[in-house]
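The structure appears right after this line, and notes come after that.
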Amino acid sequence: MALIKSISGIRGTIGGRAGENLTPQDIVECAAAYGYWLLQRGRSPKVVIGRDARISGEIVSNLVVNTLRALGITVVDLGLSTTPTVEMAVPEEGAGGGIILTASHNPRQWNALKLLDDKGEFISQADGDAFLALLEGGAIEYAPITSLGDYVMKPDYLGRHIEKILALPLVEPEKVAQQAYRIVVDCINSSGSLAIPPLLDALGCEYVLLNGEPNGHFSHNPEPLPDHLSELSKAVVFHKAQLGIAVDPDVDRLAFVCEDGDMFGEEYTLVAVADYILQHRPGNTVSNLSSTRALKDVTLKYGGAYTPAAVGEVNVVAKMREVNAVIGGEGNGGVIYPDLHYGRDALVGIALFLTHLARSGKSASQLRRQYPSYFISKNKMELTPGIDLDRLLSQLEARYRQEEINTVDGLKIDLENGWIHLRRSNTEPIIRIYTESHSSVIADNLARKIQADILEVLKGA
């Protein structure tokens, strides 16, 4: 079991010993530290919260709500919702921040408090450090009985979110409806079952829902990866559907299945949406350092500039603002479209992708084949105690000094035939090793080569 505290909030497994797992005590301490941090900075004493359909969600929500109210903070509760919906609601409500109750793609025993600022974006490193200082023992003062916070339920924000998506100039409901698409959707027994059907209704699509009851009993591992989507793949073929859609429990990650049951590829969700956006609005793009090179290829095709960012949504958003990117995100199926808001959003990704598909006149598999084919190999190595990772990466950088190097987040080595990215895990004592090339064999060989280099460097240390 586990409890992880970071600048973005707190997450862990439900039950067990306080301080080692996500218990009521830990939840209250986190909510109190966040609420007091918000008040200390003079932010609006109002917080928006929303949750996915996890079994523990209602308990966690009640603890968070009442802790914030005890600080004198008014809580606007969206109830069962999505991460991007909460993000959009924060500035609309004029709130000082927001808390999303979700452990994203983690299994059902996990839950988390993800913290937002007044823009509805994940809090910065500096704000996160201040929050952690309060969480680790700062003095917190609660409100007197005459100043307790109010509580307001606003369950209609999913509808508002969808309306804003449909109003985007590059979303064309009529054109999508003309195609009369049949779509199979894996809702993973969470908030997607509430958010995706009304969106597809508005786009004139017929659909079949898998795992459509939002009860938190996830029918399979909730991370939308190929190994977990075999049921969806078979259902797409069985129902003769034109597309399969998979999301994670909080609906910020998005993966597609082609009409033949093959995976479109989560790395290519952002690539396809970016291709569509750039056709109509040329500009710059951003993704994290571990995402496919295909986004860079597509961006250059339309005369834009591609910029990599450190891994993590907050880092991608910061870089997007810096370079005025028209589209960005992460290769795990996270689409960030600034014209709507600065956050990963599977719902806007669905609408933009379906418009792109409809305008192209192609099948999903034909659309996928028009993009450069890359293969990513994801590996890891355990870090034994005493290893100086910074020194290790510095020595590897020296070995590859003839190549293009990026040290913004670990060590990224761009090669003629691919790239290698090494970074420390934020949650495990391991070094993550991602490699990419036009061939899966070459990508795997690059991974083996860098692992051998690591062992050789460590042996000589």
- Contacts under 6 angstrom Cβ, first residue in the stretch 226-245 being in contact (Cβ under 8 Å) with a residue 40 or more places away in the chain, partner among the basic types (Lys, Arg), 6 or more apart: Ala241/Arg182; Gln242/Arg182
- Message: Quick check on the stretch 20-43. Is at least one of its residues assigned to a loop (DSSP other than H, G, I, E, B), touching a strand residue (DSSP E or B) at 6+ places or on another chain (Cβ under 9 Å) and touching a residue at least 60 places away in the same chain (Cβ under 8 Å)?
- Response: yes
- Yes/no for Val286 being buried (at least 24 other Cβ atoms within 10 Å of the Cβ), not assigned by TED's automatic domain parsing to the domain that holds Gly418 and not in a helix (DSSP H, G or I): yes
- When the stretch 55-68 is examined, which residues are found to be assigned to a loop (DSSP other than H, G, I, E, B) and either in contact with a Gly (Cβ under 7 Å, 6 or more places away or on another chain) or aromatic (Phe, Trp, Tyr) (or both)? Ile55
- Note on the structure: Screening Gly418, Gly410 for residues that are touching a Lys or Arg at 6+ places or on another chain (Cβ under 6 Å), within 17 Å of Leu289 (Cβ to Cβ) and outside the structural domain of Gly265 (by TED's automatic domain parsing) leaves only Gly410
- Task: Go through the stretch 332-351 and give me each residue that's closer than 7 Å to Pro84 by Cβ and touching a Leu at 6+ places or on another chain (Cβ under 7 Å).
- Result: Leu347
- Message: Can you name every one of the helices (runs of 4 or more DSSP H) wholly within the stretch 342-461 that holds 2 or more residues which are modelled with pLDDT under 95 and over 26 Å from Val323 (Cβ atoms)?
- Response: 389-399, 440-460
- Has the stretch 394-405 got any residue that is surrounded by 19 or more Cβ atoms within 10 Å (Cβ to Cβ) and in contact with a Gly (Cβ under 9 Å, 6 or more places away or on another chain)? no
- Item | Among the residues listed as Glu174, Glu213, the single one being over 18 Å from the mean Cα position of the chain (by Cα), assigned by TED's automatic domain parsing to the domain that holds Ala241 and closer than 21 Å to Thr102 by Cα | Glu213
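The values are calculated or read from the model by the stated rules, or taken from the named source; none is laboratory data. Because the structure is predicted, anything quoted here is derived from the model rather than measured. Positions of Cβ are backbone-derived with ideal geometry, glycine not excepted, and every protein chain shown enters the neighbour counts.
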